[in-house]
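First the structure, in the form of structure tokens, and then the observations on it.
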Amino acid sequence: MTEGKTCSSCSDDSCTSKAKRPDESVEEHSERQKLEQRMCAIKNKIIVLSGKGGVGKSTASVNIAAALAREGHSVGIMDIDIHGPSIPKLLNLEGQRPKSTGEALLPIKYKDNIKVISIAFLLPSPDDAVIWRGPLKIGTIKQFMRDVDWGELDYLIFDCPPGTGDEPLTVAQTIPNVTGAVVVTTPESLAIVDVRKSITFCNKVDFPVFGVIENMSGFACPGCDKVYDIFGSGGGQKMAEDMNVPFLGKVPIELEVRDAAEKGEPMVLAYPESKTAKAFADIVIKIKENIAKAKA
């Protein structure tokens, strides 16, 4: 179903939202239809996750989004890290407030073809802590999917918190047609142990795994051509091989990554000739190839 159509006018008889389920109330069915209608206008839904915190998952999300947008694609980023949202900071959108049309919430625009929603936009202060149990988090994520007017998008990227709990599970249980998952790790074994669980999670909830990104894979010395393997190298690639999933590439540590984060601009835009930007450009090529294969 495309934007502008309703479930009642849609000709797709295979759509599961057309008929009310036996255990649903009329209101629940209406809300599910509304959510499906929003999601139907989005061609590809990519979830970025990791079993370990601090591996650069949000950095990967914004750079993948920016690389896709630079190619002319319309992209949305849904920050579903309720307790530690990072996307507004990484895109210099702190303090922004989404507008409402009365029926929908409008995402915040970053550049011309990137739209963003985050719980951070709805908090009175950036210092406020979200002290919620599972049901409230689940309800908020569903509301982001149902009540945010994304319009038509080529890609919607879900930036998850660490782990395999309520947030990625809510996406899995709410959207049956997630296009695929990108798993982020760092090279050392301490991270790999937890990140392997993310791949197991994807297999159990039927997320196609587009591949593994090995982030912080060597420090690229700015004064020479040497690369120092601070956290080791190759751990993510070996994990991908062991678990029979694609490997998307290695992303190095560069001093400019910090500068880009501080000024709120993805590396692929702030430093397009950097090793990091080129690595993400290659990663996006592989993601698109995997999408094409899956849809062939």
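The values are calculated or read from the model by the stated rules, or taken from the named source; none is laboratory data. Computed from a predicted model, the values in this text were never measured in an experiment. For neighbour counting, all protein chains shown are included, and Cβ atoms are generated from backbone atoms with ideal geometry for every residue, glycine included.
Figures for the structure shown
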read-out	value
Residues that are buried (at least 19 other Cβ atoms within 10 Å of the Cβ) and either under 27 Å from LEU269 (Cα atoms) or in contact with a strand residue (DSSP E or B) (Cβ under 7 Å, 6 or more places away or on another chain) (or both), drawn from the stretch 114-147	ILE114, LYS115, VAL116, ILE117, SER118, ILE119, ALA120, PHE121, PHE144
First in the stretch 131-149 and over 13 Å from LEU105 (Cβ atoms), second anywhere and not in a helix (DSSP H, G or I) and not small (Gly, Ala, Ser), Cβ under 6 Å, 6 or more apart	LYS137/ILE82; ILE141/ILE80
Some residue of the stretch 100-113 being buried (at least 23 other Cβ atoms within 10 Å of the Cβ), more than 13 Å from the chain's Cα centre (by Cα) and closer than 21 Å to ALA260 by Cβ	yes
Qualifying residue in the stretch 157-164 (condition: modelled with pLDDT of 95 or more, surrounded by 22 or more Cβ atoms within 10 Å (Cβ to Cβ), in contact with a Leu (Cβ under 7 Å, 6 or more places away or on another chain) and not in a helix (DSSP H, G or I))	yes
Among the residues listed as GLU152, GLU167, the single one being touching a residue at least 60 places away in the same chain (Cβ under 8 Å), of a type outside the set (S, T, N, Q) and surrounded by fewer than 17 Cβ atoms within 10 Å (Cβ to Cβ)	GLU152
Condition broken by VAL245, with the remaining ones in (1) under 19 Å from THR59 (Cα atoms); (2) touching a strand residue (DSSP E or B) at 6+ places or on another chain (Cβ under 6 Å) satisfied	(1)
Among (1) farther than 26 Å from PRO187 by Cβ; (2) crowded, with 24+ Cβ neighbours inside 10 Å, the one test that GLU94 misses	(2)
Positions within the stretch 197-231 being in contact with a Pro (Cβ under 9 Å, 6 or more places away or on another chain) and at pLDDT below 90, in sequence order	ALA220, VAL227
Residue check for ALA60: more than 19 Å from THR164 (Cα to Cα), out of contact with any Leu (no Cβ under 6 Å at 6 or more places or on another chain) and of a type in the set (Gly, Ala, Ser)	no
Selection count, the stretch 34-53, where residues are touching a residue at least 60 places away in the same chain (Cβ under 8 Å) and over 13 Å from the mean Cα position of the chain (by Cα)	10
Condition check for LEU248: closer than 17 Å to ASP79 by Cα and either in contact with a Gly (Cβ under 7 Å, 6 or more places away or on another chain) or β-branched (Val, Ile, Thr) (or both)	no
Residues located in the stretch 53-91, provided they are of a type in the set (D, E, K, R), in contact with a strand residue (DSSP E or B) (Cβ under 9 Å, 6 or more places away or on another chain) and surrounded by fewer than 21 Cβ atoms within 10 Å (Cβ to Cβ)	none
